[in-house]
Amino acid sequence: MAAFGLAAVLALAACGGTGSPQAAGPSPTTSAPSTAAPTTAAPTTAAPTTAAPTTAAPTTAAPTTVPPTTRPKPKKPAEPTKLRSGSEGRAVAALQRRLAELGYQVHEADGQFGPETHHAVVAFQKVNRIGRDGVVGPVTRKALERPRVPRPRSRKAGFHVEADLTLQVVYLVRDGKIREILDASSGSGQNYTVRGDVRVAVTPLGDFRIQRKIDAWRKSDLGLLYRPAYFIGGYALHGAPSVPAFPASHGCIRITTTAMDRLFDRLPVGTPMLVYRT
């Protein structure tokens with residue numbers, strides 16, 4: 001609101017003077033004093049100027065239309081570069097399905113990289129002649145895309161077992177085709193002593209048949225054998241808690257206890273068994 005200005009001007013005119021006395025001479029003429037009425041200027045009162053308030057019209061900016069933000073689709077988590085014991089998830093399940101498709105010892109694609117999957121990976125690496133570490137890295141992944149397909153030594157009809165000591169695997173063969181491939185460990189080739197007798201840990205080669213079986217743990221002079229199936233003398237195909245990726249036994253052929261549980265009833269006495277090197 002504009003302020004009101006008030007300007008009042010008051011002009012006051014006042015006269016009053018005394019002249020100086022003159023020298024002697026004719027009588028002075030005394031003129032009657034003129035009393036002029038004082039002029040009093042009327043105060044000028046300027047009317048206050050009221051400036052009309054200036055109201056600036058509000059500037060309405062044209063609304064800016066922001067295009068809706070399209071959120072990018074969440075990216076799938078990158079698959080781990082390596083799969084190993086303890087890994088889990090869809091990548092592991094896909095690996096298990098692939099191994100089972102190729103005949104390796106995986107009976108459930110549960111997405112858990114456990115002992116059975118580890119031994120299946122090791123067996124696959126043995127057959128494909130790559131590093132036997134049980135880890136699925138770039139080299140093993142590539143091999144899984146274009147795997148080596150092994151062939152049995154015998155193509156006879158019916159069921160038989162083959163042990164390839166060079167690759168350290170066992171093949172379960174039916175009607176001339178390899179149906180399953182198991183991780184295995186045979187004689188280490190090292191010397192050992194039993195009852196004071198020094199022997200060499202070798203696995204005999206040849207064309208054998210299963211001679212007898214024991215459906216239990218058997219404690220021998222050289223350790224424990226799980227559900228052994230003897231193919232000549234004291235040499236057996238049996239389950240063991242430890243099946244390393246290299247030859248480590250005293251001469252028997254070790255497979256995992258899980259594998260032996262699945263195989264035992266399918267391995268009647270008289271089943272042919274070939275043991276060889278490639």
Estimated distance in nm for a label pair at residue 207 and residue 257, the labels positioned 7 Å out from Cα along Cα-to-Cβ = 3.7 nm
Straight distance only, please: which aspartates and glutamates reach the Cα of residue 156 with their own Cα at less than 20 Å, same-chain residues fewer than 8 apart left out?
-> 164, 175, 180, 207
Ordering of 109-117, 202-210, 148-156 by packing [mean C-beta count within 10 Å, highest first] | 109-117, 202-210, 148-156
Using Cα-only point scatterers and the Debye equation, what is log10 of I(q)/I(0) for the range 159-276 at each q in 0.10, 0.16, 0.17, 0.18 Å⁻¹, rounded to two decimals?
-> -0.26, -0.68, -0.77, -0.87
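Read-outs throughout are calculated quantities, based only on the coordinates presented, and are distinct from any laboratory measurement. What you see is a predicted model, and the numbers here were worked out from it, not measured in a lab. Glycine also receives a Cβ, built like all others from the backbone with ideal geometry; neighbour counts cover every protein chain displayed.
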